[in-house]
Amino acid sequence: MESPLSRDQKLGVFFMLFAFLLIFLWIPLDTDTGFIEKVRRQISIGDALAPTVAAAFLMVGGLGLLLFRAPETGVEEPLDQLAMRFAGLLFAVYFLCFLVMWGVGPLVVWVANGITGDALEYRLLRDTAPWKYLGFATGGTLAVMSSISMLEGRFSWRALFTGLVAVVAMIAIYDLPFDDLLLPPNGDM
Amino acid sequence: MGTLDYIWMGILSVFQGPELFSIFGLSISVTLIMIAIGFLLGIAVGATPGLAGPIAMAISLPILISIFGFSPDALLPVMGFLIGVMKGATIGGAVPAILFNTPGTPDAYLTTLDGYPMTQKGNARRALRVAHFSSVSGDTFSDIVLIVCAPFLAILVEGYLDLPEKAALLILSLAFIAAAVGGAPAKGLISTGLGLLAAYVGTGEDFYPRLSLGSPALSEGLPLAAVILGVLIVGAVAHELTTYWRERGRQDRQDDPEGRDNQGLSLRLIGRIWPYICRSALVGTVIGALPGIGSTLAATIGYTLGRARHEKRKRKGDPSFGEGAPEGVAATEAANSSVSGANLIPVLSLGIPGNAAAVFLILAAESIGGFTPGPSVFKFSTEQVNPELVIAFGLFTCMFIANFLNWTIGGLIMRAMGIMTRVPKQMLLPVVLLLTLTAIYVQETAMVAVWITLAFGVVGYLMRVYGISPLPFVIAFILGGRLEDTARQAFASTGSDPWFLFNNPIAAVFMALSVLTIIVALRLDRRSQRSAKVSS
């Protein structure tokens, strides 16, 4: 059965509900002062007022979509679910590749320690070549290569090469000329 | 210190700033070189389909800050570079539109309507020259209007508006942006509401950081650059990538344009297109001065007005608009380019960003410090030097230097940048995505900034999918904190009067206009919906 509401109207209902939850749940539970605050007999604006104004924008916008966007105008293009899934996969790939970037350096150091018997710490090596490049090079190459492969529907050496060149270029731009810049993930290891 | 002294100091601050090198004893300041580099980069990214000026600005900002540091001396080189990118990208967008029927930037879409038919007829070079001449003319006109208007507007605001009126003016700006940007005002309101909400996470005056869900990552507020780059850049790149993926089977790219013409830009042709340039430049400047209204609307109105004039005055045998009329290219390019200068009027006079490029100028100013765009900049103090005013005149000088480059070498470089259209999008965009995330990490030095950027990238992507413009989000996110601070101060200064926005006549007028803007926009939207329904 087809919904009587258009996509925009459903969006309006979603944001009205979100604004409702914001006003009656999130803001009261997650803010310590109300709309108005009285400190030492002085009245001032509390922390809850501004987010409530934001919620009012959402509420009015949602209401506007519900009331003013005519149902089923016939001009609405259907949402491309497949494209949205592809976008979801793309974001997941970058998220995972940055996780890989974060974990590779310490992992390699741990393996190296196992082989050599040393007690190196990645945290102390994070500004020392080649250690500092391990995570960024692996995760960055993987991210570019995977997304090109997804776009082309196949793996190619060209995709891998592009990833490698991109990573080397970024190291040359951000790392080599500057002592004070740290490539991911070395800043907060 | 008089006005002329400030102007002169602004000019000197650009030409006699820190020296990079000297030629025959003539010192070349680093700001001049940065403007030139930004300008060249801008043309290159503008000419590359899928890239745009804001992407180059986002990626360059951490590098620039790292090179120049956080001192006031860094302001002019960094902002000069960004202005160069902004100007270069404006003319670069016409290159793929004319040569390959692919607009390099969204506002160059209308350029394809006449530019590409000119290419098909063998007049590609002429089309590029017309686009360049019109674009630079419109841009220069708009810059002159900016320089004349921004200080006066700022002085008016500072002279006549007190805290309640300033709070009401910010609300009016947000209402106007919400109503005017994008297709539907209701969606603009939602975008604005989301931006304000993001601005209020982890901030406030109480000890407990509001809306932080108890998370340490959110308790210091959302990083400005991570949110802006996530919504504007990552969201746009993801949308572009999915569009490419969906349409990857289609091969609508044309062969190389035939270079069989050798026609330049004759004085006769300039005389023919000049009325169209003037009219479009005026339209673009007026539209650009209103915050949030993009160059696409200016180009559409400029093109429509131009077409009406052309139909009345064209001679027999001249091509109509849409069939390769140079007047069509001129009308579009002059209109969309004249938006860029005028868009800085609300930034410099009110501190309200009007477009994505202005957002990055504000981001640079906030990151470096020492310059807060807004009415306080234009305080012509006579006893003490106002350094912000010197910087403002320095920025105007940077704009004119970029225009000079545009007039002299812009056309040549623009024609040479046709090669950028050959860069495969499926290779370029993933690299841009990695580059953006790397730039964010380098700036924030925390992995959480990358996660926040990705999360807001998802928000930006979904907004585009559902036809919600991300620009009101970004502008509201930037202005949210200032709106709350101004309202708090206004409330305190009026003795905790809860009606402070309505007691004062000017503030009340601003508030009434805010409500009226939203109501009128919603009604117009409803009418256009009805007519769409009837026609379908």
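Taking the 0 to 90 degree range and rounding to the nearest ten, how far is the long axis of helix A:49-68 tilted relative to the main principal axis of chain A, both from C-alpha atoms?
70
Taking the 0 to 90 degree range and rounding to the nearest ten, how far is the long axis of helix A:81-116 tilted relative to the main principal axis of chain A, both from C-alpha atoms?
It works out to around 40 degrees.
I need the shape label for the range A:4-146. Rule: rounded when a/c is under 1.5, else prolate if a/b > b/c, else oblate, with a, b, c from the alpha carbon gyration tensor. Please report the intermediate quantities before stating the final value.
Details: a/c = 4.82, a/b = 1.57, b/c = 3.06.
It comes out oblate by the Cα gyration axes.
Go ahead and estimate [θ] at 222 nm for chain A from helices alone: -39,500 (n - 2.57) per DSSP H run with n ≥ 4, summed, over the residue count, rounded to 500.
Values: 7 runs with 115 residues, N = 189.
Rounded to the nearest 500, the figure is -20500 deg cm²/dmol.
How about B:Lys314: which lysines have a C-alpha closer than 30 Å to its C-alpha, ignoring those fewer than 8 places off in the same chain?
Hits, sequence-local ones excluded: B:Lys121.
Do the sum for chain B: with -39,500 (n - 2.57) for every DSSP H run of n ≥ 4, divided by all residues, what is the mean residue ellipticity at 222 nm, to the nearest 500 deg cm²/dmol?
Mean residue ellipticity, 222 nm, calculated: -23500 deg cm²/dmol.
Sort out for me the Cα centre separation of the range B:152-199 from the range B:133-151, rounded to whole Å.
24
B:Asp318: accessible area at probe 1.4 Å, nearest 10 Å²?
40
Have a look at A:Leu134, A:Thr116, A:Tyr174 and report the one farthest towards the positive end of the charge dipole of the range A:73-189, computed about the Cα centre with Cβ charges (Lys/Arg +1, Asp/Glu -1).
Final value for the positive-end residue is A:Thr116.
Please find the FRET efficiency linking A:Val13 to A:Phe155, where r is the Cβ-Cβ separation and R0 is fixed at 60 Å, and quote it to the nearest 0.05.
For R0 = 60 Å, the calculated efficiency reads 0.90.
Explain nothing, just the number: dipole magnitude of the protein assembly as shown about its Cα centre with +1 on each Lys and Arg Cβ and -1 on each Asp and Glu Cβ, in debye rounded to the nearest 20.
Using only the charged Cβ atoms, the result is roughly 2580 debye.
Heavy atoms only, probe 1.4 angstrom, no DNA, RNA or ligands counted: give me A:Asp188, A:Asp32 ranked by accessible area, highest first.
Listed by decreasing accessible area, they come as A:Asp32, A:Asp188.
Report relative contact order for the range A:81-182 in percent, whole number only (criteria: Cα-Cα under 8 Å, sequence separation at least 6).
With pairs under 8 Å counted, the relative contact order is 25 percent.
Setting aside same-chain residues fewer than 8 positions from B:Lys379, which lysines have a Cα under 29 Å from its Cα?
Straight-distance partners of B:Lys379: B:Lys87, B:Lys166.
Under a plain spin-label model, where a point goes 7 Å from the Cα along Cα-to-Cβ, how far apart in nm are B:Ile519 and B:Ser22?
Computed distance between label sites B:Ile519 and B:Ser22 equals 6.7 nm.
How large a share of the accessible area of the range A:81-182, in percent, is made up of carbon and sulfur atoms when the probe is 1.4 Å and the other protein chains stay in place?
Numbers: 3800 of 5380 Å².
In the range A:81-182, the share of accessible area belonging to carbon and sulfur is 71 percent.
I need the shape label for the range B:418-471. Rule: rounded when a/c is under 1.5, else prolate if a/b > b/c, else oblate, with a, b, c from the alpha carbon gyration tensor.
Because a/c hits 1.5 or more and a/b fails to exceed b/c, the range B:418-471 counts as oblate.
What order do you get for B:501-511, B:231-241 when each peptide is scored by the mean count of other beta carbon atoms within 10 Å, highest first?
Final packing ranking: B:231-241, B:501-511.
Could you tell me which of rounded, prolate or oblate describes chain B, using a ≥ b ≥ c as the square roots of the eigenvalues of the alpha-carbon gyration tensor, with rounded for a/c under 1.5 and, failing that, prolate when a/b is larger than b/c and oblate otherwise?
Rounded, because the longest to shortest axis ratio a/c is under 1.5.
The values are calculated or read from the model by the stated rules, or taken from the named source; none is laboratory data. Not measured: the values here are computed from a predicted model. Cβ coordinates were reconstructed from backbone atoms using ideal geometry, including for glycine residues, and neighbour counts include every protein chain displayed. Quick note on the areas: whole protein, heavy atoms, side chains included, nothing else; ligands and nucleic acids left out. Shrake-Rupley method; radii C 1.70, N 1.55, O 1.52, S 1.80 Å.
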